[in-house]
1. What do you reckon, is residue 124 in contact with a strand residue (DSSP E or B) (Cβ under 8 Å, 6 or more places away or on another chain), within 16 Å of the ligand (Cβ to nearest atom) and at positive phi?
2. Would you pick out the residues in region 327-357 that are in a helix (DSSP H, G or I), out of contact with any helix residue (DSSP H, G or I) (no Cβ under 7 Å at 6 or more places or on another chain) and within 14 Å of the ligand (Cβ to nearest atom)?
3. Please determine, by comparing only the residues of region 11-54 that are within 16 Å of the ligand (Cβ to nearest atom) and not in a helix (DSSP H, G or I), which one is modelled with the highest pLDDT.
4. Please specify each residue of region 293-326 satisfying the condition of being away from the ligand (no atom under 16 Å from the Cβ) and over 16 Å from the mean Cα position of the chain (by Cα).
5. Out of all the residues in region 145-156, is one or more in a loop (DSSP other than H, G, I, E, B), in contact with a helix residue (DSSP H, G or I) (Cβ under 7 Å, 6 or more places away or on another chain) and at pLDDT below 95?
6. When you scan region 211-228, do you find a residue that is within 18 Å of residue 133 (Cα to Cα), part of a helix (DSSP H, G or I) and out of contact with any helix residue (DSSP H, G or I) (no Cβ under 7 Å at 6 or more places or on another chain), even just one?
7. Considering only residues that are farther than 20 Å from residue 175 by Cβ and more than 14 Å from the ligand (Cβ to nearest atom), look in region 84-112 and name the one that is surrounded by the most Cβ atoms within 10 Å (Cβ to Cβ).
8. Just checking, which of 140, 136 is closer than 20 Å to residue 70 by Cα, in contact with a strand residue (DSSP E or B) (Cβ under 9 Å, 6 or more places away or on another chain) and modelled with pLDDT under 95?
Ligand SMILES: Cc1cc2nc3c(=O)[nH]c(=O)nc-3n(C[C@H](O)[C@H](O)[C@H](O)COP(=O)(O)O)c2cc1C
């Protein structure tokens, strides 16, 4: 679907409640994904845009291009084989919790069109690790041609109890670890009370050791998934070095920055006062500052997935410049349409060729000491 066709359809979609539109999109994605998974078993696997310039080797994986689907769209992992067909170079499924849970009462997702943003307080509505693992085992009999990340989060009933919350992530890792190319440990959603406290360095260290220990027990050897931690954009700048150090010492392989923000700075949309996390354009600069800070404190070799407010090539370039190796997006798709990733991958490839770059890595910045200081 071209951008101009989507621009014509968008008013119809925006006439629907935001979560209702999302539910319909996920239903269609599931139908397409199942069809494509049957085709994949017959050897016909969708390939996203790729080239020697776009391809990235990181985390022991090959990413055909650096534009991925962010967590939250495919929470129950229904459409793994669709994402490469839409142009994504990787896809992060989930958040999945050990226990199935309904999430917060509706309405709980709101568009802010004036701001190109969304507020959501879904609260990890998902079918739970057992059901999602069973689905993935069937769908992933033929692996898609892109890395599949699985994002795990704490079940609402267990977060806040030190033993129970560790057991919760352990259980999700046990059920889902063998199906993932990487595991994203989500400690940054603002919609599960107490979850973001898991970013406290000592607690984060214990959590990562727990996930790592469980992965070791699965005995997957070299095919064990790498572990990334997804951080909040609302972290205080002075705490980021300690958080990263603790996570890395416990065996974290990389970071995802960032989740949604509680900040309402500069927003104009009518739903601005709805509780929840803000995504989209207003998050962009805040996310870039956090990426830049992580890159500076973690050094050049730790992989970072940059996410928050990406909707055009300039946004991709800014995130790479801040220090991200890979980019992911969600809200941009709501405003720009389902083929945004494909357009961005092609545009990035053309930009690299134009600048005489042989690899995306040449655009990745070194981060800044003063980043995330709030200026
Ligand atoms: C409706 C919605 C649901 C989300 N659900 C999750 C989730 O389950 N887990 C997660 O880690 N992030 C979730 N996110 C956050 C996104 O993955 C991403 O970090 C954030 O939206 C910033 O990227 P964006 O501006 O491109 O949307 C969600 C975002 C939205 C808009």
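1. Values: in contact with a strand residue (DSSP E or B) (Cβ under 8 Å, 6 or more places away or on another chain): yes; within 16 Å of the ligand (Cβ to nearest atom): yes; at positive phi: yes.
Yes.
2. Those that are in a helix (DSSP H, G or I), out of contact with any helix residue (DSSP H, G or I) (no Cβ under 7 Å at 6 or more places or on another chain) and within 14 Å of the ligand (Cβ to nearest atom): 331, 334, 335, 341.
3. Step one: of region 11-54, the residues within 16 Å of the ligand (Cβ to nearest atom) are 13-14, 16-27, 29.
This time we only want the ones that are not in a helix (DSSP H, G or I), so: 16-17.
On the way: 16: 93, 17: 90.
By that ranking, first place goes to 16.
4. 293, 295, 296, 297, 298, 299, 300, 301, 302, 321, 323
5. Within region 145-156 (the criterion being in a loop (DSSP other than H, G, I, E, B), in contact with a helix residue (DSSP H, G or I) (Cβ under 7 Å, 6 or more places away or on another chain) and at pLDDT below 95), the answer is yes, since at least one residue qualifies.
6. There is at least one residue in region 211-228 that is within 18 Å of residue 133 (Cα to Cα), part of a helix (DSSP H, G or I) and out of contact with any helix residue (DSSP H, G or I) (no Cβ under 7 Å at 6 or more places or on another chain).
7. Going residue by residue through region 84-112, those that are farther than 20 Å from residue 175 by Cβ are 84-90, 104-112.
Pick out the ones that are also more than 14 Å from the ligand (Cβ to nearest atom) and you get 84-87, 89, 105.
On the way: 84: 27, 85: 20, 86: 21, 87: 24, 89: 29, 105: 8.
Top of the filtered list is 89.
8. Values: 136 fails: modelled with pLDDT under 95.
When all the criteria are applied, what remains is 140.
The values are calculated or read from the model by the stated rules, or taken from the named source; none is laboratory data. All figures in this text were calculated on a predicted structure; none of them were measured in a lab. Ideal geometry is used to build each Cβ from the backbone, glycine not excepted, and the neighbour counts take in all protein chains shown.
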